[in-house]
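Please read the structure below before turning to the comments.
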Amino acid sequence: MQRWNMNWQMNVPGINAMAIGEELLFRGLLQRLFTEWTQKVHLSIWISAILFSAIHFQFYGFIPRLFLGVVFGYLLEYTGTIWIPIISHFINNLVGVMIGYFLPNENVVNSISSQINIVSVIYGVLGGIIGFFCVWLIARKANRVL
């Protein structure tokens, strides 16, 4: 338990700073600038998501991170507040830290690809549906139309 406490104290400020900084840069600044320049919200979300994914310089994570950037972009667009993407980004980073703690000696990419099964797919789809439903509720509460 001591190791978890040390990692917790060291990682939470870092993942919090990354979530705030990256969201302010990619959604708060770049996505807004691209929207002003192109007058196309969807295009600006995708451009900022591509840049968000590319700046991490990880080939194998490019596509999942791209879609994560798209989700964060639409969260900003539909809720009208930068805090929802920041909180979502923080939660995503926190889950990554927790996976790193509980599987410290695992290569997660190889582990996942070699052990994928129907249960994993079902959990992934259910998680996606629940996540979409949460975004829909937030957008609806903010009087926005999805």
Q: Go through region 39-75 residue by residue and tally those that are more than 12 Å from the chain's Cα centre (by Cα) and within 10 Å of residue 27 (Cα to Cα).
A: 3
Q: For residue 78, indicate whether it is closer than 24 Å to residue 130 by Cβ, touching a helix residue (DSSP H, G or I) at 6+ places or on another chain (Cβ under 7 Å), of a type in the set (Phe, Trp, Tyr) and at pLDDT below 90.
A: yes
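Every residue in region 31-48 that is surrounded by fewer than 18 Cβ atoms within 10 Å (Cβ to Cβ) and within 13 Å of residue 72 (Cβ to Cβ), please.
Listed by number, the list holds a single entry, 46.
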Q) What pairs come up if the first residue lies in region 23-40 and is of a type in the set (A, V, I, L, M), the second is surrounded by 13 or more Cβ atoms within 10 Å (Cβ to Cβ), and their beta carbons are under 7 Å apart, counting only those six or more places apart or on different chains? A) 24/82; 30/48; 30/51
Q. Residues in region 50-62: is at least one assigned to a helix (DSSP H, G or I) and within 24 Å of residue 130 (Cβ to Cβ)?
A. yes
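The values are calculated or read from the model by the stated rules, or taken from the named source; none is laboratory data. Every value quoted in this text rests on a predicted model; they were computed, and no experiment measured them. All Cβ positions, even for glycine, are placed from backbone atoms using ideal geometry, and neighbour counts span all protein chains on display.
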